[in-house]
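Input: a single structure, listed below in structure tokens.
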Amino acid sequence: MTSYIDQFPEEARLVKAAMVSAFLALAVGATFGLLQVLHRTGMVRVLSSADYYTALTAHGVLLALTFTIFFLVALFTWGITTSLDRNLPSMRFAWGWYGTMVVGALMAVVAIFAGFLTEPPTLLGEELSASVLFTFYAPLQAHPLFYLGLAIFVIGTWIAGYDWFRTYWAWKRDNPDERTPLPAFMALTTMLFWWLSSAGVAIAIVVFLLPWSLGIVDSVNPLLTRTLFWFFGHAVVYFWLMPAYMLWYILLPKLSGGKLFSDPLARVVFVLFLLLSTPTGIHHQYMDPGIAEGFKFIVMVNTMFLLLPSLLTAFTVVASMEHGARQRGGTGKLRWLGKLPWRDPVFTGMALSGLLFAAAGFSGMINAGMNINYLVHNTFWIVGHFHLTVGTAVALTFMAGSYWFIPQVTGKPLWNRTAGLVQVLLWFLGMVFMSNAMHRAGLLGVPRRTAEPQYENFAFEGAIGSVGELDAQVVLGGTLLAISTIIFLVTIVMTMLGDRGEVPDNSYAGTLSGPEHSPAILDNLKLWTAIALVLIVLAYSLPLAAIVQRGGLFGPGIDGITRVLPPIDTIGGLVEWVVGR
Amino acid sequence: MDIHTYEKAWLGAALVLIVFFIATVTYGTVGAGVEMIDDSGGTVDPNNLADHERFGDPGVEQVGENEYEVNVIASAFFFRPGSDQRGFDPIRVPANSTVTFYVTSSDVIHGFSIPGTNVNTMVIPGEVAELTVEFDEPETYGLLCNEYCGFDHHNMEGTVEVVPEDQYDGGDGQ
Amino acid sequence: MSQPTDPPGTPPDSAIERELTHDEFDPIGTAVLITLYFLILVGMWLFTYFVEFLGNGPTVVGVIG
């Protein structure tokens, strides 16, 4: 028996540290989640309604960025080293990017948490606060520390990606004729679209928001910074999701007792995500003035085609599970389902998160449909949707995966299998209640992102059920999720405090149809990156040009700002500045 | 590539599904006449709304026999007109009318949503959201901001009254 | 069924009764499940688009005239 810590003791420490960072973010973020459901429904209000938005910012940043991305870097480090059977070139360097991410995350978190103080400390001449939510739409302004922290965090992930790529290049030099192993292929394609898309948010922060928050420029163009956010903002959801897909493709078949049905299609799926993750971001802006209907329609077509890789994944992953079940004696059209290892929390957690992801697929299709956004845009429906995607498909897969990974990186067996099983079941149940009620409330017009969705002038009315019933479901769901989080954290802590013992081998699923059946062109990352770039230019150049032309590169001057720079002057000024150097 | 027949069939079905979704949305545009918020509302200087022909004196204006224009400024934390609980006029239009809303913001990004209907748009400073709606029946609707805009966001609400034609007393100064 | 004493995450090799290669394996169960999913998606899409959305008027329409 060989576990990851035996093969890669140094890397195992890094993977463990990144996972623990992820779990810390989960612990704090989930606590706010519980406070929020109790507050919104009016059951218990611990915070003031103004502080609700600070809590919501922390919930979004800690869970959607910190928890997910720390887990991702842990998983991809494991995937690269295990599948290439090769160490990272330098552990010092690797701890460097991990440290960069930690510093960035802490800066952003400090800026957010200062918002809870009645008298926040002053730094750089401004009060420390960042109650701007996860999307930080200007002209809402956060303290520069928040923007700087986010930028540093993202730069940390870029360096991590470089680290994995150079490990891969070194491997390629030694093995020029071998196909890239699937886990490495998945990690590398994911990093490629991450670099492309996060460039958008990096420009938004470094060129516009940070100088503006420091008072270097007077204003911003709110539609431009918003569009740059969504340039990154949809790709980031795939950045969260790809590690979960990776686990479904390479662990689930093995846990089921079978093999991955098709390696070639898995590669096709990841190539499609590389191509289409970014040129779809404007579908978050269907309801924005200032963007022509034609651009929105083009983006909808891209978005609808982005369903394809997920629909293919559904087939391949379920077929791989079926293969395992049939190898273990499963028969019938559906009776084989009973032969799956439902007592294993790793398997059950991932299978249930896949099931809820299928449901999320439906609400995602609605969200992608351009004009039907009038019905759902900025309603609680959206919150229901992404609690099924990032909140379950991603989070529950990561938690279930942790029951496999923590033993791998510590050499200590899982503390309690039953606790794990109860935990994943509670998460599933809690999310069914909570997200179902959120979707239905959204159809009644109940808005998202509000501390008190109770209005003086009107009430929300539905054909079936009442707001009271929906609120009760949300609170029940949120409570089950909080209990589930506690059981998860206890199980992880107890496992890490335990003694070393027997743990599963560090291996992943074999394939029924292997890489030898997939065309070599699939591994041509340069080609796919080039096509991805072309698609981004096609989708974004005209809308961005129109937005800058309408509102100016640095905005029309907002809120008491007198200096209005016409865009041509701004560009001229930039050119002079560049040439002058 | 070695792809199983069932999986090829599923690939085909998935493509059919995608085309079917796009076709439905296209029907919504062409057949049902649903129009997207777009770039037709033009731009404004959010610092000088007082001098703007539309937003200098926002409110309801009759522009045709059954056609009305409603100019609304969204600010933290009210709609003008709209937020009657804050002392502004409610938005009041007659039934059987075609109403075009022009909505802009004087400060941060807001939302403009009439819950229980499909009237829903973002309100972005510098941009004017233009949306045309047909109100057939008399009814009193709520109006709310559905994009976080600051510490009192949850209190940003208002009223849209669609009154019977014979009770309608003209645009402003209701 | 894997034995309760197996560490979680262990492939239940012990319980494998037969090896199935790609050519021997027809994922008929997957085909059934995915067909069901397809039908649910189409049905819910039609309901949500035509009843929930288009029935939820007033709706933003093109400027007349």
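How about the stretch A:270-282: which of its residues are farther than 19 Å from A:K526 by Cβ and either part of a loop (DSSP other than H, G, I, E, B) or of a type in the set (S, T, Y) (or both)?
Within the stretch A:270-282, A:T280 is the sole residue that qualifies.
How about the stretch A:235-260: which of its residues are touching a Leu at 6+ places or on another chain (Cβ under 9 Å), more than 11 Å from every other protein chain (Cβ to nearest Cβ) and open to solvent by 10 Å² or more (accessible area, probe 1.4 Å)?
Hits for the stretch A:235-260 are A:Y238, A:W240.
Restricting to the stretch B:82-103, name every residue that is in a loop (DSSP other than H, G, I, E, B), of a type outside the set (A, V, I, L, M, F, W, C) and open to solvent by 10 Å² or more (accessible area, probe 1.4 Å).
B:G87, B:D89, B:P90, B:N96
Which ones in the stretch B:104-134 are open to solvent by 10 Å² or more (accessible area, probe 1.4 Å), hydroxyl-bearing (S, T, Y) and touching a Phe, Trp or Tyr at 6+ places or on another chain (Cβ under 6 Å)?
none
Is it the case that the stretch A:105-118 has a residue that's at pLDDT 95 or above and closer than 28 Å to A:A184 by Cβ?
yes
Could you figure out which of (1) in contact with a Leu (Cβ under 8 Å, 6 or more places away or on another chain); (2) buried (at least 24 other Cβ atoms within 10 Å of the Cβ); (3) without any contact (Cβ under 8 Å) to a residue 40 or more places away in the chain isn't true of A:I372?
(1)
Suppose the filter is surrounded by fewer than 20 Cβ atoms within 10 Å (Cβ to Cβ), outside any strand (DSSP E or B), touching a residue at least 24 places away in the same chain (Cβ under 8 Å) and in the same structural domain as B:Q62 (by TED's automatic domain parsing); does B:E137 pass it?
In short, yes.
Report, by residue number, each residue of the stretch B:83-107 that is more than 21 Å from B:E53 (Cα to Cα) and of a type in the set (D, E, K, R).
Hits for the stretch B:83-107 are B:D84, B:R86.
Does A:I531 satisfy being surrounded by fewer than 12 Cβ atoms within 10 Å (Cβ to Cβ), part of a helix (DSSP H, G or I) and either over 28 Å from the mean Cα position of the chain (by Cα) or at pLDDT 55 or above (or both)?
Considered against the rule, which asks whether it is surrounded by fewer than 12 Cβ atoms within 10 Å (Cβ to Cβ), part of a helix (DSSP H, G or I) and either over 28 Å from the mean Cα position of the chain (by Cα) or at pLDDT 55 or above (or both), A:I531 comes out as no.
Can you find a residue in the stretch A:261-269 that is open to solvent by 10 Å² or more (accessible area, probe 1.4 Å), in contact (Cβ under 8 Å) with a residue 24 or more places away in the chain and in contact with a Pro (Cβ under 9 Å, 6 or more places away or on another chain)?
yes
Checking B:M1 against (1) open to solvent by less than 60 Å² (accessible area, probe 1.4 Å); (2) at the interface with chain A (Cβ under 9 Å from one of its Cβ atoms), which test does it fail?
(1)
Considering only the stretch A:256-269, I want to know if a residue exists there that is assigned to a loop (DSSP other than H, G, I, E, B), touching a helix residue (DSSP H, G or I) at 6+ places or on another chain (Cβ under 7 Å) and of a type in the set (K, R).
Scanning the stretch A:256-269 turns up at least one residue that is assigned to a loop (DSSP other than H, G, I, E, B), touching a helix residue (DSSP H, G or I) at 6+ places or on another chain (Cβ under 7 Å) and of a type in the set (K, R).
Pull up the stretch B:140-172, narrow it to residues that are more than 27 Å from A:Y53 (Cβ to Cβ) and charged (D, E, K, R), then point me to the one that is most open to solvent (accessible area, probe 1.4 Å).
Of everything passing the filter in the stretch B:140-172, B:D166 is most open to solvent (accessible area, probe 1.4 Å).
Please state which one of B:E139, B:E134, B:E147, B:E161 is within 8 Å of chain A (Cβ to nearest Cβ) and charged (D, E, K, R).
B:E147
Which condition from (1) assigned to a helix (DSSP H, G or I); (2) among the β-branched types (V, I, T); (3) touching a residue at least 12 places away in the same chain (Cβ under 8 Å); (4) open to solvent by 20 Å² or more (accessible area, probe 1.4 Å) is the one that A:T167 breaks?
A:T167 satisfies every listed condition except (4).
Take the stretch A:283-310 and flag every residue that is part of a helix (DSSP H, G or I), under 22 Å from B:F20 (Cβ atoms) and open to solvent by less than 10 Å² (accessible area, probe 1.4 Å).
Within the stretch A:283-310, A:K296, A:V299, A:M300, A:M304, A:P309 qualify.
Within the stretch B:25-47, count every residue that is at the interface with another protein chain (Cβ under 7 Å from one of its Cβ atoms) and over 15 Å from C:T59 (Cβ atoms).
Of the residues in that region, 7 qualify.
Criterion first (open to solvent by less than 20 Å² (accessible area, probe 1.4 Å) and part of a loop (DSSP other than H, G, I, E, B)) does A:A459 satisfy it?
No.
Which number in (1) more than 8 Å from every other protein chain (Cβ to nearest Cβ); (2) closer than 21 Å to A:Y508 by Cβ marks the one condition that A:H385 misses?
(2)
For the stretch A:340-358, give me each residue that is open to solvent by 50 Å² or more (accessible area, probe 1.4 Å) and either aliphatic (A, V, I, L, M) or out of contact with any helix residue (DSSP H, G or I) (no Cβ under 8 Å at 6 or more places or on another chain) (or both).
A:L355 - this is the single residue of the stretch A:340-358 that is open to solvent by 50 Å² or more (accessible area, probe 1.4 Å) and either aliphatic (A, V, I, L, M) or out of contact with any helix residue (DSSP H, G or I) (no Cβ under 8 Å at 6 or more places or on another chain) (or both).
Taking the stretch A:499-526, which residues are farther than 17 Å from A:P264 by Cα and more than 12 Å from chain C (Cβ to nearest Cβ)?
A:D499, A:R500, A:K526
Using the structure shown, decide if B:E65 is open to solvent by 10 Å² or more (accessible area, probe 1.4 Å) and within 8 Å of chain A (Cβ to nearest Cβ).
no
Quick one: is B:P58 modelled with pLDDT of 95 or more, assigned by TED's automatic domain parsing to the domain that holds B:C149, in contact with a helix residue (DSSP H, G or I) (Cβ under 7 Å, 6 or more places away or on another chain) and outside any strand (DSSP E or B)?
No, not satisfied.
I'm told A:G465 meets every condition in (1) away from every other protein chain (no Cβ under 13 Å); (2) part of a loop (DSSP other than H, G, I, E, B); (3) open to solvent by 50 Å² or more (accessible area, probe 1.4 Å); (4) within 22 Å of A:S363 (Cβ to Cβ) except one. Can you identify the failing condition by its number?
(3)
Can you pull out the residues in the stretch C:18-36 that are surrounded by fewer than 17 Cβ atoms within 10 Å (Cβ to Cβ), at pLDDT 95 or above and either under 30 Å from B:E130 (Cα atoms) or facing another protein chain (nearest Cβ under 7 Å) (or both)?
Within the stretch C:18-36, C:I28, C:V32 meet the criteria.
Output the residue which, of all residues in the stretch A:311-339 that are within 10 Å of chain C (Cβ to nearest Cβ) and β-branched (V, I, T), is surrounded by the most Cβ atoms within 10 Å (Cβ to Cβ).
Looking at the filtered set, the residue picked out is A:T316.
Name the single residue, out of those in the stretch A:108-145 being among the small types (G, A, S) and part of a loop (DSSP other than H, G, I, E, B), that is surrounded by the most Cβ atoms within 10 Å (Cβ to Cβ).
Per the stated criteria, the residue is A:A130.
The values are calculated or read from the model by the stated rules, or taken from the named source; none is laboratory data. This structure is a prediction, so every number in the text was calculated from the model and none was measured. Methodologically, a virtual Cβ is constructed for each residue, glycine included, from the backbone with ideal geometry; neighbour enumeration extends over all protein chains shown. Remember, those area values only see protein heavy atoms, side chains included, never the ligands or the DNA or RNA. Shrake-Rupley method; radii C 1.70, N 1.55, O 1.52, S 1.80 Å.
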